[in-house]
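Computed from the coordinates by the stated procedures, all read-outs in this text should not be read as laboratory data. The shown structure was predicted, so the numbers you read here are calculated from the model rather than taken from an experiment. So basically every Cβ, Gly included, is an ideal-geometry build from the backbone, and we count neighbours across all protein chains shown.
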Amino acid sequence: METQTSVLAEGLRFAYPPPAPGEVAAWVIDGLDLRLQPGGWLAIMGASDAGKTTLCLLLAGLAPHLTDGTMEGHVVVTGRDTRQHPPPALADTVGLLFQEAEAQLFSPTVEAEVAWGLENLGLPPAEMQQRIDDMLALLRLEHLRHRTPTELSGGEKKRLALASVLAMQPTVLILDEPMGGLDPVGRQEVLDALSRLRHEGSVTILMTESDPEAVAAFADRLVILDQGRIALEASPRDLFRQVERLAALGVSVPQLAQLAAVLNRRLGSAFDFISVDEAQANLQRPLTAKDAAGAEAPSSPPAPAALAGSSVKVSDLWFWYEQESTPALRGVNLNVPTGQFVALVGANGSGKTTLVKHLNGLLRPRRGGVSVGGQDTSQCSVGELARSVGFLFQHPEQQIFSATVQKEVAFGPRNLGLSPEEVDARVESALARFDLSAVAERPPAILSYGLRRRITLASLAAMDPPVLVLDEPTVGLDAPGLRETFQWLAELHARGRTILLVTHDMALAAEYAERIVVVHEGQILGDGLPAGLFEQHELLARASLALPPVIALGQALRPFGLLGDCLTVDAFCQEYAALVGEGS
Amino acid sequence: MSQSFELYLPRDSWLHRMDPRAKLWVVLLAATVGLMYRHIFVLAGLLLLAHLALLSAHIPAERLRWLWARLAPLLLMILILQPLFAPGPGPDLLALGPLRLTVSGLLEGVSFALRAAALAFVAAVLMLTTDPTLLVQGLVRLGLPYPWGLTAGLAIRYLPTTFGLFAAISEAQQARGWIVDQGGFLHRVRSYVPILVATIIGALRLSDNLGLALAARGLGYNAQRTTLHDVHLRPADWLAVALGSLAFIGMVVLRFGLGFGAVPW
């Protein structure tokens, strides 16, 4: 009787087994009803502890069979109740793309990877070959057929994982954060793959995603999950108008939807747009075209003023991982004055991470030199350099190992050889700063993701290094986490700390950095003030970097009198309001 | 920018095309010859043969150099320690207190080092040129249950991943000022706790997720499992098995019937 529904969840509640005997198991999914019609594309957004991945596992029938835990209510996928059908029995009807590429690519070659699921289904070799050929063509992977999956780029890995799932011809496809952790090149590849999927239109899709631009591009319905319950449900366009409500739920909106909301509040207007084209059409209406002279870019701004004393000095740095391999860095020169906030941008494999790993001696120059705070790094051990340079890596929660939060935060300061009193004082103030005092004696392993992320920030804060390096901090970070991290960075910056942000998120770089350094193929391709750099379209394209939407919009509106040098939503709003006349 | 730790190198060559069972058989025979003989010429010949096989299978010389570089510390240790601690009979070339260096001891060292290198390269012939999927399939055909074969394949696949995880976490902890304790052995081991604990947690999480991914892709689906590329023994494979076996019998006769090759020289 439910043949019309692809996925049905009713009164769904789920709790993982309690972390320790005597602890209370918390409902991760807490009373959820969901109905998905064939051919639909449903997006699910929410903060990192909202229960998105757990919901994916439940809908794919993997939980509770393989995760243990308590489930109430029921899930029916294409007419099959997941309680009665263990995971293998659902493999021909529901496919799940996991967040982590590492865990789902386990075969020696690309072809074998796609074949593996088909072999389990018991398909004859000829049909397998046909499906493999089709999938590799659909996802543009033919040229990689005999390559090893671990050697592929991030975008290629995601597409291969997608091909392996799609080849099994599921009627329901569940995608868990398909854009997660991809650089701009990989992101574009996966976006293209998804639009081909959308074009085919034969499969029902449910996708959790933090990237609002991707949600806006594909989903026809959006559900906001909060503490295991559905908080909001509507079309993405309708929901993305509720900027503040979504922010409170830990969900970010497309940059231009945010701009529309800010403008509407300020001007009392009723703008409604998500894409640059829509926004341009909307915003140019109240404006009049100026003569061609107005369309030119402003003269390039002056170079950053030289601040007193350089904090990081890299001169003619060359590095290669193995003899005879292509150098990862080729003659890099970089001088960062004390107190500067610099963004290092570039695609994956450009050499950004290789460069910053030289700052604390994790890598040593093959040629050239690096000094931090006046110290030549070749004369110092990694342990000594940890005093001068703090690092926040991707997925920092992976480095947590201590039995209590207090001990975890004390690990760094203790390594620095500080006196016990000093260590205690620093740990105490770091715990207080990140609101962790109440859980100081608890084991970090059983705390929520949000708390563990704060522990890693507190651990770094307690070391209080003069130079701070952040390597792709946005990977795996939800909106509240991002806000928290950057609030803290702003504090540090105000206190004169030097900050190097490694990122491919251009909007983030535009908003926070005083200076942007573009790294490309092991060399510095561009270096300057953000406003000036965003004018160099060719350079950015060469480095596979895209303009943040609000900047692209500002530049597109130059013929209408905008200067087009606004880096943030607020700055744009300011200038636009001044141009149309406040409140008119 | 990460380095690859994969062993298998996909190429199109006679060795890659050879049935994994036939290849396994010939490699096992060759390894047995390596263990039977101590004669330097035989071991050097075996080593040379393994090199020729690898090069003819389009394995780049760079990869062979890489393997030599990895073996070098071990070989060097054998070359130095074996002659010094088991000098053997014969006149001293050199005597330093209780340590004696003799010609026979030196030859013994060379023989042992050659044997280690030959066995490593013979194993490389199998590992570098055989698709692990096909190897598992070959073993399953020989009677190994599929889950065992899969488990073995996954263990090999995830060794490098776990190693990479260890390296990443060790970098993260070094950035927090962690250094290896320079004290005694126990101190040293204890100082690795911050890395080992985090690595084990990470590896367990990875294996949990891997279990989910295998199930999601239909491991244990209620059907007879099929295979994309079936392994089958072609005439060329039978020929290789026959020639390998004949050569092996010849070597057994030479060694035990004629008594050749029991000593390094």
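Looking across A:Phe411, A:Phe401, one residue alone is part of a loop (DSSP other than H, G, I, E, B), at the interface with chain B (Cβ under 8 Å from one of its Cβ atoms) and not acidic (Asp, Glu). It is A:Phe401.
For A:Val28, the criteria (1) in contact with a strand residue (DSSP E or B) (Cβ under 6 Å, 6 or more places away or on another chain); (2) closer than 30 Å to A:Gly201 by Cβ; (3) not small (Gly, Ala, Ser) hold in every case but one, which is (2).
Scanning the range A:329-371 for residues being more than 13 Å from every other protein chain (Cβ to nearest Cβ) and β-branched (Val, Ile, Thr) gives a total of 6. Among residues of the range A:374-395 that are within 12 Å of another protein chain (Cβ to nearest Cβ) and crowded, with 18+ Cβ neighbours inside 10 Å, those with a beta-carbon under 9 Å from a residue that is in a strand (DSSP E or B) and of a type in the set (D, E, K, R) at least six positions away or on a different chain give the pairs A:Phe391/A:Asp471; A:Leu392/A:Asp471; A:Phe393/A:Asp471; A:Gln394/A:Asp471. On the stretch given as the range A:170-203, residues that are among the hydrophobic types (A, V, I, L, M, F, W, C) and under 18 Å from A:Gly349 (Cβ atoms) total 3. The sole residue among B:Asn209, B:Asn222 that is within 7 Å of another protein chain (Cβ to nearest Cβ), closer than 30 Å to A:Phe411 by Cα and not aliphatic (A, V, I, L, M) is B:Asn209. If you take the residues of the range A:140-155 that are assigned to a helix (DSSP H, G or I) and among the charged types (D, E, K, R), which of them is nearest to the other protein chains (Cβ to nearest Cβ)? Checking each candidate, the answer is A:Glu151. Just so you know, in the range A:164-197 the residues that are in contact with a strand residue (DSSP E or B) (Cβ under 6 Å, 6 or more places away or on another chain) and not in a loop (DSSP other than H, G, I, E, B) include one that is farthest from A:Ile44 (Cα to Cα), and it is A:Val165. Applying the set (1) under 16 Å from B:Val33 (Cβ atoms); (2) crowded, with 17+ Cβ neighbours inside 10 Å; (3) among the hydrophobic types (A, V, I, L, M, F, W, C) to B:Leu243 leaves exactly one unmet item: (2). Candidates in the range B:120-148 are the residues that are in contact (Cβ under 8 Å) with a residue 40 or more places away in the chain and outside any helix (DSSP H, G or I); of these, the one that is farthest from B:Leu28 (Cα to Cα) is B:Asp131.
For the range B:153-197, enumerate the residues that are among the charged types (D, E, K, R) and more than 9 Å from every other protein chain (Cβ to nearest Cβ). Once the filter is applied, which keeps residues that are among the charged types (D, E, K, R) and more than 9 Å from every other protein chain (Cβ to nearest Cβ), the range B:153-197 yields B:Asp181, B:Arg188, B:Arg190.
On the stretch given as the range A:226-241, residues that are farther than 20 Å from A:Phe273 by Cβ and polar (S, T, N, Q) total 1. The listed residues are A:Ala161, A:Ala112, and the only one of them that is within 11 Å of chain B (Cβ to nearest Cβ) and touching a strand residue (DSSP E or B) at 6+ places or on another chain (Cβ under 6 Å) turns out to be A:Ala161. Of the residues making up the range A:458-487, those that are assigned to a helix (DSSP H, G or I), within 13 Å of another protein chain (Cβ to nearest Cβ) and of a type in the set (A, V, I, L, M) are A:Ala458, A:Leu460, A:Ala461, A:Ala462, A:Met463.
For the range B:225-236, the candidate set comprises residues that are under 26 Å from A:Trp116 (Cα atoms) and more than 8 Å from chain A (Cβ to nearest Cβ); within that set, the residue that is surrounded by the most Cβ atoms within 10 Å (Cβ to Cβ) is B:Val231. Filtered by the rule that a residue be assigned to a helix (DSSP H, G or I), more than 20 Å from A:Leu194 (Cβ to Cβ) and not hydrophobic (A, V, I, L, M, F, W, C), the range A:122-139 gives A:Pro125, A:Glu127, A:Gln129, A:Gln130, A:Asp133.
Listed here are the helices (runs of 4 or more DSSP H) enclosed by the range A:25-114 that have at least 2 residues being crowded, with 20+ Cβ neighbours inside 10 Å, in contact (Cβ under 8 Å) with a residue 40 or more places away in the chain and of a type in the set (Val, Ile, Thr), and there are none. Looking at the structure I just gave you, is A:Pro125 surrounded by fewer than 22 Cβ atoms within 10 Å (Cβ to Cβ), farther than 16 Å from A:Ala163 by Cα and in contact with a Leu (Cβ under 7 Å, 6 or more places away or on another chain)? In short, yes.
Of the helices (runs of 4 or more DSSP H) lying entirely inside the range A:506-584, the ones with 2 or more residues being without any contact (Cβ under 8 Å) to a residue 40 or more places away in the chain and farther than 29 Å from A:Arg483 by Cβ are found at A:537-542.
Does B:Leu74 satisfy being under 17 Å from the mean Cα position of the chain (by Cα), within 27 Å of B:Phe248 (Cα to Cα) and touching a residue at least 40 places away in the same chain (Cβ under 8 Å)? The answer is no for B:Leu74. A:Gly73 fulfils the conditions (1) farther than 27 Å from A:Leu239 by Cβ; (2) more than 7 Å from chain B (Cβ to nearest Cβ); (3) over 27 Å from the mean Cα position of the chain (by Cα) except for a single criterion, (1).
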